Structure formats: C-alpha cells, structure tokens
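Enquirer: Here you go, one structure.
The values are calculated or read from the model by the stated rules, or taken from the named source; none is laboratory data. Keep in mind the model is a prediction, meaning the values are calculated, not measured. Note that each Cβ is placed from the backbone with ideal geometry, even for glycine, and that neighbours are counted across all protein chains shown. Side chains included, ligands, DNA and RNA excluded: accessible areas come from the protein's heavy atoms. Shrake-Rupley method; radii C 1.70, N 1.55, O 1.52, S 1.80 Å.
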Amino acid sequence: MNNYYLKIADIKIHVKSPFKINIGVESEDFISCDEGEDIFLEYIGVEEPIKIEGTLLYDYEIKFYKTDLGIMHQLHPAKNYDPYAWVIPVDKYHYEVQYLIGEEKCIDYSRNIIDILNIENALNKFNGLILHSSFINWQNNGILFSAPSGTGKSTQADLWNKHENAEIINGDRAGVRNVDGVWSAYGLPVAGSSGIYKNKKAQISHIIVLRQGTENKLTRLSPRDAFIKIYSETTVHTWDDEFQNNILNMISDLVQNVPVYLYECLPDESAVEFLKEQIIKDNKL
C-alpha cells in the first residue's frame, strides 16, 4: 500500500493507494513530509461499476449526485463516456475512491487527485474558496488581480514581477482562506496556462478587479459592489446549498475586511506605479 501526503492551502491531505501515483510538476511543491491528515482519500479497486442511487445534481465530465450518504461524484474520461471511478463520502473528511480494476491509468497521476478531492469543496470545508485571479506577493503583501480571462491578470502580475520584483505565486487561481480571522491567499496545484504552481501563502493586502482602460483609474468598491465582483470570479457549486451558503458568508466577510478596488488601467509600468501609491497609502508603508 502506498501513502502520499499533500498540503494544499494548509489543508493536510492523505491519499492511500494500492498502486503508485506519478507525481507531476504541478504537484511537486505540494508534497508534504507531515503525515497528519485533515482529509483522507482511500483508493479501493472494484470489479463492477458502482450503481448510484440518488438525484443527479450536475452533469459533465464529473457527475455529482445527492445520495443518502451525502454528495457523491462520478468520474468520466470525457462527457458521454463510461465512468471509471466513484468518490463516496464515509464522513465529512474521509472518502472512498472506488475505481474499476484495470483503469488505474485514469487516476495514477497526481493531477487526478484534484478532481477526486474536488479541491473547491475541500477548501469550502475549511473556510476557503477559489478565486479566479493572478496572485502576487509584494513585500509580504498578497495582491490578487481578479478578472475574466483575457482582461489582463497575467499582464499586471508580470509587470509587477518585472518592475517591483514581486513574486508570482499563481497566474490564474488562488486559494483564499480565513484562518483565525485573517484572510490569506494560497498557491494551488492548478494554474491555467501560467504554469506557476508555488505552495506559498501571504496575507491578502488588496484585491484588484481589473478592467482595461485608456488611463489608470482606481475606485474603491463598496462591500456590495465588491461582493458582486468577487462572487462572479469564484468557483461555486450552485447546486449544493450548503456549499453556496458557505461561499456567500465567506465573501461577505472577505469584502468587509479586505480592500477591493476596481482598476481601469494601462498595460504598462505606469499601472504598477499608480497602484503601488495606493497600496503604500492604505498599508501606511
């Protein structure tokens, strides 16, 4: 039996498997020497497909069902293909991953753990969420640039890296958690096309909602407007009431305690200098 330990957003994950799991580049930084566990995944081979008795909640490459045991999900290689694994809750923090014997190749890569774990659900259990954003650390200030794809998140992160030596932690996704009343951002082993997977964290100084502009213009958003912007870029299971209620409560707290700005800006160094002045002013640096 093989045991693997990961730490993602300071959540300890124990994976127990009868076969070897190949560790990909995106997961290397998240392998942990700490053998504790907040979440336990136990892989169990089965001879026949599992028949789920429950209500289908969501249907794509992963299907989610509401059952008497809780919410189960079923993994497929692609939409309309037969399933190869089923994730069954034993309790809130322990899951059996029942897979068809002979289909180990579908789940023997570390990236598959994220789908099996359902990372946004794991964060949700520990007062966290996933925000579509580029996450940089500048002088121990966690700054999140949030916007739809193609709006300039990576451009602004790259400019801060070039002109202010800010470290890019993740170019596309950030884990965001409230631990003991402090909101921090975390790197994740998922990063879109940026290819940056750093297992680092920083207390969140600012969330910057980007919009392309003809000049640099910064507007502090009210909690209500900030909530709308943040929610639209957060991964939400709208079909899971408990999950969604947790998200609503977390974002409400986040926007009350972290400055959120709308930033209409240019894709050049002037945008860095303009925003830097505001961050220095807000943080009294």
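Enquirer: Accessible area per residue of the chain at 1.4 Å probe, in Å²?
Expert: On the way: 13550 Å² over 285 residues.
It amounts to 48 Å² per residue over the chain.
Enquirer: Could you grab the relative contact order for segment 71-225? Cα pairs under 8 Å, six or more apart, rounded to a whole percent. If you can, show how the numbers build up before the last one.
Expert: Values: 274 pairs, mean separation 27.2, N = 155.
Computed value for segment 71-225: 18 percent relative contact order.
Enquirer: Can you sort Glu28, Glu47, Glu96 by 1.4 Å-probe accessible area, starting with the largest?
Expert: Working: Glu28 115, Glu47 140, Glu96 50 Å².
Reading off the accessible areas and sorting them downward yields Glu47, Glu28, Glu96.
Enquirer: If one takes the longest principal axis of the Cα atoms in the chain, at what angle in degrees, from 0 to 90 and to the nearest 10, does the Cα axis of helix 153-164 lie?
Expert: 60
Enquirer: Here's something else I'd like to know. How far is helix 269-283 tilted off the main Cα axis of the chain, in degrees rounded to 10, range 0 to 90?
Expert: Rounded to the nearest ten degrees, it is 90.
Enquirer: Report the one residue of Ile168, Leu248, Pro223 whose Cα lies farthest in the direction of the positive end of the charge dipole of the chain (charges on C-beta: Lys and Arg +1, Asp and Glu -1; origin at the Cα centre).
Expert: Pro223
Enquirer: How high is the relative contact order of segment 19-84, in percent, with contacts defined as C-alpha pairs under 8 Å that are six or more residues apart? Could the numbers behind the result be given before it?
Expert: Numbers: 54 pairs, mean separation 11.5, N = 66.
Reported as a whole number, the value is 17 percent.
Enquirer: Using Cα-Cα distances under 8 Å and only pairs 6 or more residues apart, what relative contact order does the chain have, in percent? It would help to have the intermediate numbers written out before the result.
Expert: Values: 605 pairs, mean separation 43.0, N = 285.
Relative contact order of the chain: 15 percent.
Enquirer: Identify which of Phe30, Phe126, Phe274 has the largest mean-square fluctuation in a Gaussian network model of the chain, with springs joining Cα atoms closer than 10 Å.
Expert: Phe274
Enquirer: Which loop-located trypsin sites (Lys or Arg not before Pro) does segment 59-116 contain, where loop means any DSSP state but H, G, I, E or B and the Cβ has at most 11 other Cβ atoms within 10 Å?
Expert: Working: sites: Lys63, Lys66, Lys79, Lys92, Lys105, Arg111; in loops: Lys79, Lys92.
When the trypsin sites (Lys or Arg not before Pro) of segment 59-116 are filtered for loop state and at most 11 Cβ neighbours within 10 Å, Lys79, Lys92 remain.
Enquirer: Compute, for segment 1-154, the length of the dipole vector about the Cα centre, with Cβ point charges of +1 (Lys, Arg) and -1 (Asp, Glu) only. Units Debye, rounded to 20. Working shown, then result.
Expert: On the way: 13 positive and 23 negative charges, 96 e Å.
That gives a dipole near 460 debye.
Enquirer: Could you work out which residue, out of Pro223, Pro77, Pro259, moves most in a Gaussian network model of the chain, that is, has the largest mean-square fluctuation with Cα springs under 10 Å?
Expert: For the chain, modelled as a Gaussian network with Cα springs under 10 Å, the answer is Pro77.
Enquirer: Please get the size of the charge dipole for segment 83-179, origin at its Cα centre, with Cβ charges of +1 on Lys and Arg and -1 on Asp and Glu, quoted in debye to the nearest 20. Each step should come with its number before you reach the end.
Expert: Details: 8 positive and 11 negative charges, 60 e Å.
In debye, rounded to 20, segment 83-179 gives about 280.
Enquirer: Still on this structure: How large is the dipole of the chain about the Cα centre if only Lys and Arg carry +1 and Asp and Glu carry -1, each at its Cβ, rounded to the nearest 20 debye? Kindly include the intermediate steps, with their values, before the conclusion.
Expert: Working: 27 positive and 41 negative charges, 161 e Å.
Once rounded to the nearest 20, the dipole reads 780 debye.
Enquirer: Still on this structure, please answer the following. Can you flag which of Lys92/Lys125; Lys79/Lys229; Lys20/Lys79 are past 20 Å Cα-Cα?
Expert: Values: Lys92/Lys125 8 Å; Lys79/Lys229 30 Å; Lys20/Lys79 27 Å.
Among Lys92/Lys125; Lys79/Lys229; Lys20/Lys79, the Cα-Cα distance tops 20 Å for Lys79/Lys229; Lys20/Lys79.
Enquirer: With a point put 7 Å past each Cα toward its Cβ, work out how far Asn245 is from Asn165 in nm, to one decimal.
Expert: 4.9
Enquirer: Related question: Using a Debye calculation, one point per C-alpha and no hydration shell, please list log10 I(q)/I(0) for the chain at q = 0.07, 0.10, 0.15 Å⁻¹ in order.
Expert: Those come out to -0.28, -0.56, -1.12, one per q.
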